[in-house]
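Visitor: So that we are looking at the same thing, I have put the structure below in structure tokens.
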Amino acid sequence: MKFGALPIDDAVGGIVVHSVRRRELVLKKGEIITLAHVASLRDAGIDEVVVAQLETGDIDEDDAAQRLASAFAGANIRVQRPFTGRCNLFATCAGLLQVDTAALNGANEVDERLTIATLPAWRQVAAGEMVATVKVIPFAVPEDKLVEVVACAAQRPVRVAAFSALRVGVISTLLPGLKTSVIDKTLHALEQRLAPAGASIVHKLNVAHATTSVAAALEASAPHCDILVVFGASAISDRRDVIPAALERTGGEIEQLGMPVDPGNLLLIGRLWERERRVHVLGAPGCARSPKENGFDWVLNRLLAGIEVTSRDIRHMGAGGLLTEIGRRGQLREGLGAVLKD
């Protein structure tokens, strides 16, 4: 692409780089200069104008943006019509945004003129929400560079995993001193978390904080639920503690106890089997009683979107896993003394 100032007679067919305003004359950035414009420019006393001129092999900014956005758009993504070298991508359903960051970084490394930006991976998004944008910096780009960037998107690296209206069961364990109002507030916070996915609490049990009681509750709840959440009256501190021991007593399996996300460190994730059907089990950390974001949300949202969560997945959540303080803490992390456990 040629770029620079030209005499107005030589600028016909060029793209206006900078808006021109002189008396009655208005030429907007991006307009194509015509013979009529040349006459108006001459009448306005303008002898030259800065233009961009496409050369053989160049692709117009809008066409390039459309091709690049379409290449990146995966499942449940809608591509908007391009304008001024920009093309936006939108979620067509509620769910979790999945981004292949290696493919995204590879695309952005090819040429500074071709860019794509997304919301953070694993972000919860609503239907109609913008999740990514492609911007072509100049008025045109060489087709060979565009082809190279498009090749980075072979696996459609921007997509939304749709939420499902799963059935959720809640088991709350009881100890002396635990108020029923705490359980009520916990259930309300969970309902708020489930609402964007269309999921709901379909089964609730309150039982003693004892291994046999929790095991019986798990077995009774499993036939009715896709996900079981156990809120312990006391935080899980070991694989031999009440909630993990109860899961294993039912024949279930512990995938991971503990996560590198704070608040949320003391989360348990496992599974049990209802005949041939797998039921996910979450031992909720204490911070999950609060509506504020914590590690519990990161795991729950993936399950609601039908995404498998492995021990390795959780162990790779440490980067960005230091979240904001929550008011329930006794004091900040940097202080000394006892701190409420997550």
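Visitor: Measuring from the lowest to the highest alpha carbon on each principal axis, how far does the chain reach, largest first, in angstroms?
Guide: 91, 45, 31 Å, listed from the longest principal axis down.
Visitor: Related question: Given ALA91, ALA132, ALA117, which one lies farthest toward the positive end of the charge dipole of segment 86-171, if we put +1 on the Cβ of every Lys and Arg and -1 on the Cβ of every Asp and Glu?
Guide: ALA91
Visitor: Using alpha-carbon positions, what is the distance between the centroids of segment 148-199 and segment 52-122, in Å?
Guide: 29 Å
Visitor: Ok, one more. How large is the charge dipole for segment 46-91, taken about the Cα centre, if only the Cβ atoms of Lys, Arg (+1) and Asp, Glu (-1) carry charge, to the nearest 20 debye?
Guide: Working: 4 positive and 8 negative charges, 121 e Å.
The dipole of segment 46-91 has a size of about 580 debye.
Visitor: Quick check on segment 62-105: take the gyration tensor over C-alpha atoms, sort the square-rooted eigenvalues as a ≥ b ≥ c, and tell me if it's rounded (a/c under 1.5), prolate or oblate. Mind showing how you got there, number by number?
Guide: Numbers: a/c = 2.59, a/b = 1.37, b/c = 1.89.
Oblate shape, in that a/c is at least 1.5 and b/c is the bigger or equal ratio.
Visitor: Okay, moving on. Could you please report the charge total around LEU178, scoring K, R as +1 and D, E as -1 over all other residues with beta-carbon less than 13 angstrom from its beta-carbon? Mind showing how you got there, number by number?
Guide: On the way: positive: LYS179, LYS185, ARG289; negative: ASP184.
That sum, taken over residues with Cβ under 13 Å, equals +2.
Visitor: Could I ask something else about it? Picking from TRP273, ALA216, VAL20, whose Cα lies most toward the positive end of the charge dipole for the chain (charges on Cβ: Lys, Arg +1; Asp, Glu -1)?
Guide: ALA216
Visitor: So what does MET1 come to for accessible area, using a 1.4 Å probe and Å² rounded to 10?
Guide: 70 Å²
Visitor: If contacts are Cα pairs under 8 angstrom and at least 6 residues apart, what is the relative contact order of the chain in percent?
Guide: 13 percent
Visitor: Just need log10 I(q)/I(0) for segment 180-270 at q = 0.24 Å⁻¹, Debye formula, equal scatterers on the alpha-carbon atoms, no solvent, rounded to two decimals.
Guide: -1.48
Visitor: Something else about it: What is the packing order of peptides 84-95, 302-313, taking the mean over residues of other C-beta atoms within 10 Å and listing the highest first?
Guide: Numbers: 84-95: 20.0, 302-313: 16.2.
The peptides rank, most packed first, as 84-95, 302-313.
Visitor: Name the residues of segment 251-295 whose amide N is less than 19 Å from a point 7 angstrom out from the Cα of ARG315 along the C-beta direction?
Guide: Within reach of a label on ARG315, which here means backbone N under 19 Å from a point 7 Å along Cα→Cβ, segment 251-295 contributes 253-262, 265-271.
Visitor: Heavy atoms only, probe 1.4 Å: what % of the accessible area of segment 101-198 goes to carbon and sulfur, would you let me know?
Guide: On the way: 2680 of 4820 Å².
That share works out to 56 percent.
Visitor: With a cut-off of 17 Å, note down the residues of segment 42-56 whose backbone N falls inside the zone around a label point 7 Å from the Cα of HIS18 toward its beta carbon.
Guide: Under 17 Å, as judged by backbone N against the label point of HIS18, lie 45-53 of segment 42-56.
Visitor: Would you count, across the chain, every pair of lysines whose alpha carbons are under 29 angstrom apart, provided the pair is eight or more residues apart or spans two chains?
Guide: Summing the qualifying lysine pairs gives 18.
The values are calculated or read from the model by the stated rules, or taken from the named source; none is laboratory data. Values in this document were obtained by computation on a predicted structure and should not be read as measured data. So basically every Cβ, Gly included, is an ideal-geometry build from the backbone, and we count neighbours across all protein chains shown. Only protein heavy atoms, including side chains, enter the accessible area calculation; ligands, DNA and RNA are left aside. Shrake-Rupley method; radii C 1.70, N 1.55, O 1.52, S 1.80 Å.
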